[in-house]
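Heads up: the structure comes next, in structure tokens.
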Amino acid sequence: HSGAFPGGELRAQLDNLGANSKTLTTSVVGTGTITGTGINCPGDCSEPYAHNTVVALTATPGTGFSFTGWSGACSGTGACNVTMDFLKSVTATFTINSYTLTTVVAGTGSGTIMGSGIACPGDCTESFTHGTMVTLTAAANTGSTFTGWTGACTGTGMCTVTMDAAKSVTATFAINSYALTVTKAGTGTGTVTSSPAGINCGATCTANYNHGTMVTLTAAADVSSTFTGWSGACTGTGMCTVTMDAAKTVTATFAINSYALTVTKAGSGSSTVTSSPAGINCGATCSANFNHGTVVTLTATPATGSTFAGWSGGGCSGTGTCVATMTTATSVTATFTLNTYSVTPSAGESRSRCG
């Protein structure tokens, strides 16, 4: 072979001066090989052939390259058959492959994928040459958590992709969810409900809400009670609006209603009125407060020389005990009369006075 020893190029030129020998010279651009009878280039790239010999050349790309065409004695990308009727040369060009890396952001949350030429969402696709190692980083936005890669990567660490084909990578982000807990306090009773739904406390006093959700809590006191205010994540007595950016607790305080029971004594007699449960001893204490729903029994005791004439007001009447159920402020009147007596003189006394 002319290329196998020093001075081969000079000998090839001399050979071509003769009528029976022509030299074919091959060359490679990029990574790949040209093979043919006596040719294996790079390495053995030149060979003399007898006049009019037809030499078939084959181009084979290296890993990660594509054959993009012949130049010189051949053209195009098909078979190269060279008729050696003169000194000839052929070049095979190989181009490194490029592959598309596609990134996708998925899930209920939000975040970004960053890497060489990639900033997704926005710029989510990029082309890379064969063998390029691309490192991708996932960063969750506030209120979200990165839960992992799928596709060309797995796990939750950095994603390194070796580009030897078209590839796709998905980063999944989950929106954060936080617990809102309602606690009821105080002597009274009531319910707390939420919008959006979730809390009905009542029975359900804790619910989870996604990051950024604005939850409005409404307190409704039972008929026996009064809502006295919020504490924790809210204050005041109006509606409570909580923006969920962390786990939060709200306390609703209800106070049981209390009403005055007032006893008034009337009439010419004297007496005392007492209550069960204790509170009124009228006498001195003729008014006391009792919680909603308390059943109060009033007892009238006339003093010596007086008679209890009966109750009025507060739903009471007659001369027995007065039973009042406290659902509002109530007034009761107890009437006592002073006893009167008739004096009948004896017969003698009467004659004497008449005498």
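Structure notes:
- Compared with the direct C-alpha span, the chain from THR135 to THR162 gains 8.8 nm at full extension, assuming 0.36 nm per residue.
- Two-site label geometry, THR204 and THR58: point separation in nm, points 7 Å out along Cα→Cβ: 7.2
- Rough spin-label spacing in nm, given labels placed 7 Å along Cα→Cβ, for THR37 and THR142: 7.8
- Accessible surface for LYS265 stands near 90 Å², nearest 10, in the context of the full protein assembly shown (1.4 Å probe).
- Assigned charges on the beta-carbon of Lys, Arg, Asp, Glu; the chain dipole about Cα centre (debye): 1840
- Probe 1.4 Å, accessible area per residue of the chain, Å²: 50
- The value for region 37-164 of Rg(Cα) / (2.2 N^0.38 Å) is 1.72.
- With Cα atoms, 0 to 90° folded angle of helix 8-17 axis to the chain main axis: 50
- Fully extending the segment from SER276 to THR77 would add 60.4 nm, taking 0.36 nm per residue of separation and subtracting the current Cα-Cα distance.
- When the chain is reduced to its Cα atoms, the Kirkwood hydrodynamic radius in Å: 31.5
- Euclidean distance between Cα centres, region 65-122 to region 237-310, Å: 93
- On region 104-253, 55 percent of the accessible area sits on carbon and sulfur atoms, based on a 1.4 Å probe.
- Extended-chain gain in nm, criterion 0.36 nm per residue less alpha-carbon gap, THR299 and VAL343: 12.6 nm
The values are calculated or read from the model by the stated rules, or taken from the named source; none is laboratory data. Here the structure is a predicted model, which means the values were calculated and not measured. Backbone-built Cβ (ideal geometry, glycine too); neighbour counts: all protein chains shown. Protein only, heavy atoms only, side chains kept; ligands, DNA and RNA dropped before computing areas. Shrake-Rupley method; radii C 1.70, N 1.55, O 1.52, S 1.80 Å.
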